[in-house]
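Below you'll find the structure, written out as structure tokens, and then a few comments.
The values are calculated or read from the model by the stated rules, or taken from the named source; none is laboratory data. These numbers were taken from a predicted model, which means no experiment stands behind them. Cβ placement follows ideal geometry from the backbone for every residue including glycine, while neighbour counts extend to all protein chains displayed. SASA here: full protein model, heavy atoms, side chains in, ligands and nucleic acids out. Shrake-Rupley method; radii C 1.70, N 1.55, O 1.52, S 1.80 Å.
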Amino acid sequence: MKALVLKDYNFLEIAHVPDPKPGEEEILIRVKACGICGSDVHGLDGSTGRRIPPLIMGHEASGEIVALGQGADKFKVGDRVTFDSTVWCGQCAYCRKGAINLCERRQVLGVACKEYRRDGAFAEYVVVPERIVVPLPPQVSFVEAALSEPLSVALHALLRVSPLLGKTAAVFGTGIIGLLVVQALRLAGCSAILALDRKRERLRLAAELGATEIFHVNNSDQLSQATAQIVRRTSGGTDVAIEAVGLPETVTAAISCVRKGGTVVLVGNLRPEVDFPLQSVVTREVSVLGSCASAGEFELAVQMLGERKINVAPLISAVAPLEEGPEWFNQLRKGSPELLKVILQPGD
């Protein structure tokens, strides 16, 4: 089959590799659409340690079932489906209590690290366990379905702090996750949604999708000023802050932004470690929560797409053939402000 392979750090190439075959309780899917995630872009140079070449990346995908492994009986050949990025075992203590994102044997499609290697969906075909597959409603296109995974991540982050009705929230970073968080916060009934970013184009989109106020912050000083302004306008700080960047300055700003007793949810993880304002957290009793992937929200994400409660169309910047993958990765690495989600299509 044809695949987009990370042959070496900073080197992507279209190559022909053996077709995968489904094992027990696995499904072979012909990939129809796969989104380029920011984690894929950041993993190109090896700095994250999560994309060790050679590797087929890609974990935001949808497609059509072409073969079923032994024991896979929940679907049939020809079904339109999407699938989670997290491969969980279903047997460990975490899986048994529903915390599948914390699975002891957790793997992620399109990731290769010291612990495991699992090829992803930037290819004509991919094999996944039946248990992570979700059927697509007829009104959801393959391209739209590629946003199911990031939407499930956004929903999981908000469910860490639910209920949100009537609360105020700040969103640091209006990339794909941040923009999906903004929409979900609106649906949850937040009274105020304040979005911060350094890219004006994304902030304008955040306002269209539900942010009640936007703050353009181009450097650390502007970030501090905007945070102080938010604290004044909300009479002591927001109830919740969602940090969807993962940089030291935005983590600190998110913690500074919430009121005493407020909650910060950390979703972004660009850096493995950041400085932490310990005294501010302790003396103001701020709750700081990590949010990793999703834990059962994937089906909800697909349902919300089907019911048109979440609008993903404005987030899709380009749909292109798999062969154009290397060029689109280069464009995304340059940080073009007009680019959000790029969807690659391996077939017709």
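Which one of V282, T263, A313 is farthest out on the positive end of the charge dipole of the stretch 261-319, using unit charges on Cβ (Lys, Arg +1; Asp, Glu -1) and the Cα centre as origin?
Value computed over the given set: A313.
What is the magnitude of the charge dipole of the chain about its Cα centre, with +1 placed on the Cβ of each Lys and Arg, -1 on the Cβ of each Asp and Glu, and no other charges, expressed in debye to the nearest 20? Working shown, then result.
Values: 37 positive and 39 negative charges, 193 e Å.
Its charge dipole is roughly 920 debye.
Which percent of the accessible heavy-atom area of the stretch 1-150 goes to carbon and sulfur, probe 1.4 angstrom? Working shown, then result.
Details: 3120 of 6410 Å².
Of all accessible area on the stretch 1-150, carbon and sulfur atoms account for 49 percent.
Keeping every protein chain present and rolling a 1.4 Å probe, give me the accessible area per residue for the chain in Å². Intermediate values should be presented prior to the final figure.
On the way: 15230 Å² over 348 residues.
Per-residue value: 44 Å².
Starting from the residue with the highest accessible area, list R96, R30, R200 in decreasing order, probe 1.4 Å.
On the way: R96 170, R30 80, R200 130 Å².
Ranked list, largest accessible area first: R96, R200, R30.
If I take every Cα pair under 8 Å that is 6 or more residues apart in the stretch 208-348, average their sequence separation and divide by the length, what percent do I get for the relative contact order? Before the final figure, lay out the partial values.
Details: 168 pairs, mean separation 21.8, N = 141.
Relative contact order comes out at 15 percent.
Let me have the 222 nm mean residue ellipticity of the chain computed from DSSP H runs of 4+ only, each contributing -39500 (n - 2.57), with the sum over all residues rounded to the nearest 500. Don't skip to the answer; put the middle values down first.
Numbers: 11 runs with 97 residues, N = 348.
Rounded to the nearest 500, it is -8000 deg cm²/dmol.
Starting from the Cα of S220, move 7 Å in the Cα-to-Cβ direction to define the label point; list residues of the stretch 166-196 whose amide nitrogen is under 12 Å from there.
Those under the cut-off are none; the list is empty.
Run down the lysines and flag those whose C-alpha is under 16 Å from the C-alpha of K32, throwing out any fewer than 8 positions away in its chain.
Within reach: K2, K341.
For the chain, what number results from the quotient of the Cα radius of gyration and 2.2 N^0.38 Å? Walk me through the numbers on the way to the answer.
On the way: Rg = 19.9 Å, N = 348, 2.2 N^0.38 = 20.3 Å.
The chain yields a ratio of 0.98.
Pairs of alpha-carbon atoms within less than 8 angstrom and 6+ residues apart define the contacts here; what relative contact order does the chain have, in percent? Display every interim value, and only then the final one.
On the way: 815 pairs, mean separation 63.0, N = 348.
Relative contact order for the chain comes out at 18 percent.
Please return the longest range in the chain lying between exposed loop sites, taking GluC sites (Glu not before Pro), DSSP loop only, at most 11 other beta-carbon atoms within 10 Å, and leaving the sites out. Numbers along the way, then the final one.
Details: sites that count: E24, E104, E115, E273, E285, E307, E338.
The longest such stretch corresponds to 116-272.
Please name which of Q70, G35, A99 has its Cα lying farthest along the dipole of the stretch 20-136 towards the positive end, using unit charges on Cβ (Lys, Arg +1; Asp, Glu -1) and the Cα centre as origin.
A99
In debye, nearest 20: dipole of the stretch 80-225 around its Cα centre with unit charges on the Cβ of K, R (+) and D, E (-)? Don't skip to the answer; put the middle values down first.
Values: 17 positive and 13 negative charges, 72 e Å.
I would put it at about 340 debye.
Compute, for the stretch 122-197, the length of the dipole vector about the Cα centre, with Cβ point charges of +1 (Lys, Arg) and -1 (Asp, Glu) only. Units Debye, rounded to 20.
Dipole about the Cα centre, nearest 20: 400 debye.
Set the Förster distance to 45 Å, then compute FRET efficiency between S47 and Q91 from the Cβ-Cβ distance, nearest 0.05.
Values: r = 33 Å, r/R0 = 0.74.
Once rounded, the FRET efficiency stands at 0.85.
What is the distance in Å between the Cα centroid of the stretch 122-149 and that of the stretch 265-287?
34
Suppose we keep just the alpha-carbon trace of the stretch 76-174; what are its Rg and Dmax in angstrom?
When restricted to Cα atoms, the stretch 76-174 yields Rg and Dmax of 15.9, 46 Å.
What does the charge count around R131 come to, taking other residues whose C-beta lies under 10 Å from its C-beta (Lys +1, Arg +1, Asp -1, Glu -1)?
Numbers: positive: K74; negative: E25, E26, D84, E130.
My count for the surroundings of R131 gives -3.
Tell me the accessible surface of D45 in square angstrom (1.4 angstrom probe, heavy atoms of protein chains only), to the nearest ten.
About 70 Å², rounded to the nearest 10.
Summing Lys, Arg as +1 and Asp, Glu as -1, what charge do residues with Cβ under 15 Å from the Cβ of A301 carry, A301 excluded?
On the way: positive: R308, K309, K341; negative: E60, D84, E144, E149, E297, E299, E307.
Spelling it out: positives minus negatives among the neighbours equals -4.
Let me cross-check K74: its accessible surface, 1.4 Å probe, with only protein heavy atoms counted, in Å² to the nearest 10?
Here the residue's solvent-accessible area equals roughly 140 Å².
At a threshold of 8 angstrom on Cα-Cα distance, excluding pairs fewer than six apart, so keeping six or more, what relative contact order does the stretch 112-210 reach in percent?
Values: 89 pairs, mean separation 21.6, N = 99.
Taking the mean separation of contacting Cα pairs over the length of the stretch 112-210, I get 22 percent.
Suppose accessible area is computed on protein heavy atoms with a 1.4 Å probe; arrange T48, T168 from highest to lowest.
On the way: T48 60, T168 25 Å².
From most exposed to least exposed: T48, T168.
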